[in-house]
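The values are calculated or read from the model by the stated rules, or taken from the named source; none is laboratory data. Everything numeric here is computed off the predicted structure, so don't read it as measured data. Because the Cβ atoms are built from the backbone with ideal geometry, glycine has one as well, and the counts that use them run over all protein chains shown.
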């Protein structure tokens, strides 16, 4: 099976020859070609070169355009400084006062969103027949936090939720257009990063965020792509609700036992995860990685994509990544 076929079969609950391997590689990918993280997220040509080199070095089933969280924020007008080996640093948050208007953006006209579209197109041309190509958009709470600052965004949800509600439709409509452009360029799956959700309770999530995610995921499905929901951190308290968003894949970070995640979401949803990226991968050893990966595969059950709980750390030895990938190769039973 090709990687793309393997992932699609997993999503459909069909027999696969091995567990699909879908690690998140960003700064680590850049390091494989001797480039810094800033080069990777600011120039799609560097991103594409790095992803293709990773695909040659490691048996990944998916190449990815996830890079940093601020492409849409830049398109909305936020300004950043770009450190060499870190994500962008906001110069100031957007006030989003009652009289302010957040204008939708054209993903083709804004430099950083167009750059991701170009990355998707180049990867699809190069390996789209054999590999899944993952596009990416920010989820509604993550994007709001990117614009307002995380602390202020969380305070808004507690004290002034109407401030968030005033701009929510623009956040979703812009995310839909950005996702559509990536699907048109060749993405078969769109990742939605909404990391700030792990910091709110189920009641707030259900009232303000869940309906928006459901609408976003429905429109991505209508456009012809699958949806992968990525929320960093401990999502144990949200998992039953996340299972009702319509996401095809839910990423599980290392803090959540995969057996508990499976019990919470049921058998019909694909889980992805969840080796501890630092202690379980970067600072571990190949033999321990193999044992831990076997535990992940056992605990998650057949509808499963193997990856660390979040990004592979930049200093991870490639031998450790090979050990992780090798553990996915034994045949696994068909999904239920």
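For this structure, a couple of remarks:
- Among (1) closer than 19 Å to residue 74 by Cβ; (2) surrounded by 19 or more Cβ atoms within 10 Å (Cβ to Cβ), the one test that residue 163 misses: (1)
- Within the stretch 296-329, restricting attention to residues that are modelled with pLDDT of 95 or more, in a loop (DSSP other than H, G, I, E, B) and surrounded by fewer than 18 Cβ atoms within 10 Å (Cβ to Cβ), the residue that is farthest from the chain's Cα centre (by Cα) is 317.
- Within the option set 100, 106, being within 15 Å of residue 170 (Cα to Cα), surrounded by fewer than 18 Cβ atoms within 10 Å (Cβ to Cβ) and at pLDDT 95 or above holds for one residue only, 106.
- Residue match in the stretch 59-69 (condition: over 21 Å from residue 226 (Cα atoms) and either at pLDDT below 95 or surrounded by fewer than 19 Cβ atoms within 10 Å (Cβ to Cβ) (or both)): yes
Here is a yes/no grid of residues against (1) surrounded by fewer than 20 Cβ atoms within 10 Å (Cβ to Cβ); (2) assigned to a loop (DSSP other than H, G, I, E, B); (3) at pLDDT 95 or above:
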| position | (1), (2), (3) |
| --- | --- |
| 35 | yes, yes, yes |
| 39 | yes, no, yes |
| 53 | yes, no, yes |
| 56 | yes, no, yes |
| 72 | no, no, yes |
| 77 | yes, yes, no |
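Listed here are the residues, each with its yes/no results for (1) in contact with a strand residue (DSSP E or B) (Cβ under 8 Å, 6 or more places away or on another chain); (2) crowded, with 21+ Cβ neighbours inside 10 Å; (3) within 22 Å of residue 293 (Cβ to Cβ); (4) modelled with pLDDT under 95.
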position	(1), (2), (3), (4)
177	no, no, no, no
182	yes, yes, no, no
223	no, no, no, no
234	no, no, yes, no
254	yes, yes, yes, no
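- Subset of the stretch 132-154 that is outside any helix (DSSP H, G or I) and out of contact with any helix residue (DSSP H, G or I) (no Cβ under 8 Å at 6 or more places or on another chain) - its residue that is surrounded by the most Cβ atoms within 10 Å (Cβ to Cβ): 134
- Which listed residue is farther than 23 Å from residue 168 by Cβ, touching a helix residue (DSSP H, G or I) at 6+ places or on another chain (Cβ under 8 Å) and free of Cβ contacts under 8 Å to residues at least 60 places away in the same chain, from 48, 87, 58: 87
- Some residue of the stretch 96-108 being in a helix (DSSP H, G or I), in contact (Cβ under 8 Å) with a residue 60 or more places away in the chain and under 22 Å from the mean Cα position of the chain (by Cα): no
- Residue among 285, 248, 276 that alone is under 24 Å from residue 12 (Cα atoms), modelled with pLDDT of 95 or more and either in contact with a strand residue (DSSP E or B) (Cβ under 9 Å, 6 or more places away or on another chain) or surrounded by fewer than 15 Cβ atoms within 10 Å (Cβ to Cβ) (or both): 248
- Subset of the stretch 79-89 that is over 16 Å from residue 116 (Cβ atoms) and assigned to a loop (DSSP other than H, G, I, E, B) - its residue that is nearest to the chain's Cα centre (by Cα): 86
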